[in-house]
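The values are calculated or read from the model by the stated rules, or taken from the named source; none is laboratory data. Worth saying up front: this structure is predicted, and the values here are computed from it rather than measured. So basically every Cβ, Gly included, is an ideal-geometry build from the backbone, and we count neighbours across all protein chains shown. What goes into the accessible areas is simple: the full protein's heavy atoms, side chains included, and nothing from ligands, DNA or RNA. Shrake-Rupley method; radii C 1.70, N 1.55, O 1.52, S 1.80 Å.
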Amino acid sequence: QVQLVESGGGLVQAGGSLRLSCAASGSAFSISAMGWYRQAPGKQRELVALFARSGSITYADSVKGRFTISRDNAKNTVSLQMNSLKFEDTAVYYCYALSTRGDWGQGTQVIVSS
């Protein structure tokens, strides 16, 4: 089992930036992919960005060119730099790790004021 602890998030004006970080512990050696999902009020949880151990990166179309995911395999951390934030980016952001199963962080709130 992998434990995930997120940091970052908060309130920002539209056009601003935030950085989210996530640290994995436990069976972190077995992680094949780490990334971020988000869930806005009344909506389903959706993929934001995913970074595979191979180096392959997947972004949601809605964040391409604005968000950048980075990963440190040695430290078992993943970060999400979010620039040019929009009101519609408001959501709870969850760190995700795929190993023998999928594990989730507790979530961190991002609120973008228009």
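Descriptive notes on the structure:
- Set side by side, the residues 69, 111 differ, and just one is in a strand (DSSP E or B) and open to solvent by 50 Å² or more (accessible area, probe 1.4 Å), which is 111.
- Of everything in the stretch 27-37 that is among the polar types (S, T, N, Q) and part of a loop (DSSP other than H, G, I, E, B), the residue that is least open to solvent (accessible area, probe 1.4 Å) is 27.
- If you go through the stretch 11-26 and keep only what is in a strand (DSSP E or B) and surrounded by 12 or more Cβ atoms within 10 Å (Cβ to Cβ), you end up with 11, 12, 18, 19, 20, 21, 22, 23, 24, 26.
- Scanning the stretch 41-74 for residues that are closer than 23 Å to residue 30 by Cα and hydrophobic (A, V, I, L, M, F, W, C) yields 47, 48, 49, 50, 51, 52, 57, 69, 74.
- For the stretch 93-108, a residue qualifies if it is over 14 Å from residue 5 (Cα atoms) and open to solvent by less than 60 Å² (accessible area, probe 1.4 Å), and the qualifying residues are 99, 102.
- Every residue from the stretch 81-114 that is among the hydrophobic types (A, V, I, L, M, F, W, C) and over 18 Å from residue 14 (Cβ atoms): 92, 95, 97, 98, 104
- Tally, over the stretch 72-89, of residues that are among the basic types (Lys, Arg) and at pLDDT 95 or above: 1
- Candidate set from the stretch 72-92 (those that are part of a strand (DSSP E or B) and hydrophobic (A, V, I, L, M, F, W, C)); member that is surrounded by the most Cβ atoms within 10 Å (Cβ to Cβ): 78
- Within the stretch 38-55, the residues that satisfy the criterion of being crowded, with 17+ Cβ neighbours inside 10 Å and either within 16 Å of residue 111 (Cα to Cα) or at pLDDT below 90 (or both) are 38, 48.
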